[in-house]
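Here's the structure, in structure tokens; my notes come after.
The values are calculated or read from the model by the stated rules, or taken from the named source; none is laboratory data. Treat the numbers as computed from the prediction; the structure is a model and nothing was measured. In this analysis, Cβ positions are derived from the backbone assuming ideal geometry, glycine residues included, and neighbour counts consider all displayed protein chains. SASA here: full protein model, heavy atoms, side chains in, ligands and nucleic acids out. Shrake-Rupley method; radii C 1.70, N 1.55, O 1.52, S 1.80 Å.
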Amino acid sequence: MAMVDEPLYPIAVLIDELKNDDIQLRLNSIRRLSTIARALGEERTRKELIPFLSENNDDDDEVLLAMAEELGVFIPYVGGVEHAHVLLPPLETLCTVEETCVRDKAVESLCRIGSQMRESDLVDWFVPLVKRLAAGEWFTARVSACGLFHIAYSSAPEMLKAELRSIYSQLCQDDMPMVRRSAATNLGKFAATVESAYLKSDIMSIFDDLTQDDQDSVRLLAVEGCAALGKLLEPQDCVAHILPVIVNFSQDKSWRVRYMVANQLYELCEAVGPEPTRTDLVPAYVRLLRDNEAEVRIAAAGKVTKFCRILSPELSIQHILPCVKELSSDSSQHVRSALASVIMGMAPVLGKDATIEHLLPIFLSLLKDEFPDVRLNIISKLDQVNQVIGIDLLSQSLLPAIVELAEDRHWRVRLAIIEYIPLLASQLGIGFFDDKLGALCMQWLQDKVYSIRDAAANNLKRLAEEFGPEWAMQHIIPQVLDMTTSPHYLYRMTILRSISLLAPVMGSEITCSKLLPVVVTATKDRVPNIKFNVAKVLQSLIPIVDNSVVEKTIRPSLVELAEDPDVDVRFYANQALQSIDNVMMSG
């Protein structure tokens, strides 16, 4: 019945559902608002539905959040852009609720509607709404207002614009830190709509107030504003207004503010130009790299390559490298880890000679770090250094580290190193690989942890793709086949998995002559788990080998398995037989 009545869903039923005690029913009816609006038609939606929603004082945040989201896309259902203003009252109410995510969604929907409204309507309806919220008694309204100024400002006449700028300035000095935080967060968006004449006067004085706020949570949001404002101002104004602020922030008493500076600093270099970067920002960055708070050093270390890209190699070697050296033996393993994840990127920036002279010793000390993440981060970015200094220099120092990681007692470390083996193989070349890493790859197939054995099987496939079937025939297949008689059934399962992955790479001929006989032999295994995996592997080999082989070898083996006492073995054997029949029919 519901299907028939859907288009004519009466508003009375909606009202009942929205007042129902069951939250799920209330949520469903809110999510169906667009259907209801279509059934009511544009005029009744404006006159009945929207006023009802404005009065609906549901106390459940989930329902309010859904309503805030739905109303954002409601313009077509109220008669288009000329009637968009009717959607503002319910959203204005939602902007004042206590739950932050509801307010944020209501502000987002208001911005979406405001950006489509006609200029005259913005002045008549949207700007007064912003002013009401900004003067709201509760801080929640004032917090929401900050996010709407950038929509209201551009279409307002001159007098109103001045008023909006002064209201925003008051919000930045509000008694409640939450309001000041919101004003600091939205300053960049608002500044982007303000004319450049007022940018330097009004906006910069607002910005100065925020940067001197006594709450560190406000100051750290002002740091984000630095980058946004830096992009809007001319370089010379940027140097005059933003640079001193950043330099002060980099010495702020709150580590959270310094942390934000460390994250944002390289963006500001672009805004202020090369000269001030050298004289003011490099010393500030060096201070952050040597900060007494580990979190700040982590953020600064993570940006070291980006920062060096902006500077000349000479400056990097002179100022940044000494700090990098210190960080490589930092007392915090997380700082060393952050450094290890980006330091490789410095090689192309510094060039071959500087890399060999300055960076290589740092790489080597990080490769010997007792914390596995640090060593892994270095190995995972190897290709960047390899391009600069060549593999010979690297390989001598790399091997001990790789071998150590390959046998690390943490299985996640062993897993991560397996992931990098194909990359290392392509960088190091066949000869080096065979000598040093080949044995490791086989050793992993018999690891105690399943994830490692599975990754090791995948690794063999990727190596076969990298070095080609002939190489695999010599170096992988014999060793894999030797393991098929392993006394432990879990290791025999890994071998089956390896065979199913290698077969497509090796091609039909090798599969038939070398791999298939091993799988067929395994049908006689005494462990049911092995047998039903054999059935799966045989099914995966069907598309690889010729039909004659399927009929002569694979089908008889599967028929035998289909009569096994174990139900799972029978199931998978029959599934494989079914797939043979499908192939034959389509062929």
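Which entries of K105/K381; K105/K306; K189/K306 have Cα-Cα distances beyond 29 Å here? Numbers along the way, then the final one.
Numbers: K105/K381 40 Å; K105/K306 34 Å; K189/K306 25 Å.
Over 29 Å Cα-Cα: K105/K381; K105/K306.
Using amide H atoms built 1.01 Å from N in the peptide plane, name the residues 5+ places from S328, or on other chains, whose amide H lies under 5 Å from its own.
Those lying under 5 Å, H to H, from S328: there are none.
Once each part is reduced to its C-alpha centroid, what is the distance from segment 543-587 to segment 109-165 in angstrom?
71
Report, to the nearest 10°, how far helix 100-114 tilts away from the longest principal axis of the Cα atoms in the chain, using its own Cα long axis and a range of 0 to 90°.
The angle comes out at about 70 degrees.
So what's the back-of-envelope 222 nm ellipticity for the chain, counting only DSSP H runs of four-plus at -39500 (n - 2.57) apiece and dividing by all residues, rounded to 500? Don't jump to the answer; show the numbers that get you there.
Details: 38 runs with 386 residues, N = 587.
Helix-only estimate at 222 nm: -19500 deg cm²/dmol.
I'd like the accessible area for S579, computed on protein heavy atoms only with a 1.4 Å probe and all protein chains in place. Round to 10 Å², please.
Taking all protein chains as shown, S579 has close to 30 Å².
For a quick check of understanding: with a 1.4 angstrom probe and all protein chains in place, what accessible area in square angstrom does F571 have, to the nearest ten?
110
Do any trypsin sites (Lys or Arg not before Pro) in segment 21-119 lie in a loop, going by DSSP, with at most 15 other beta-carbon atoms within 10 Å of their beta carbon, and if so which?
R118
Measuring from label point to label point, each 7 Å out along Cα→Cβ, what is the Q443 to N547 span in nm?
Between Q443 and N547, the simple spin-label model gives 4.9 nm.
For a protection proxy built on the mean count of beta-carbon atoms within 10 angstrom, sort 504-514, 479-489 highest first, please.
504-514, 479-489
What ³J(HN,Hα) values, in whole Hz, does the Karplus curve 6.51 cos²θ - 1.76 cosθ + 1.60 give for segment 437-444 when θ = phi - 60°, with x put for Gly and Pro?
Once θ is set to phi - 60°, the couplings for segment 437-444 become 9, x, 4, 4, 4, 6, 4, 5 Hz.
Quick one: net charge of A222's neighbours, Cβ under 11 Å, K/R +1, D/E -1?
Details: positive: R180, R181, R219; negative: D208, D209, D213, D216, E224, D252.
My count for the surroundings of A222 gives -3.
Ordering H319, H85 by accessible area with a probe of 1.4 Å, largest first, what comes out? Walk me through the intermediate numbers first.
On the way: H319 65, H85 40 Å².
Largest to smallest exposure gives the sequence H319, H85.
Lys/Arg Cβ at +1, Asp/Glu Cβ at -1, dipole of the chain taken about the Cα centre: which of S155, I417, Q251 is farthest positive-ward?
Going by the Cα projections, it comes out as I417.
For a label point 7 angstrom out from the Cα of C101 toward its Cβ, which stretches of segment 21-55 have the backbone nitrogen within less than 18 Å?
23-28, 30-31
Once ligands and nucleic acids are excluded and a 1.4 Å probe is used, how much of V261 is accessible, expressed in Å² to the nearest 10?
Here the accessible area works out near 0 Å².
I'd like the trypsin sites (Lys or Arg not before Pro) in segment 399-492 restricted to DSSP loop residues with at most 16 other Cβ atoms within 10 Å, sorted by number.
Sparse-neighbourhood loop trypsin sites (Lys or Arg not before Pro): R409, K448.
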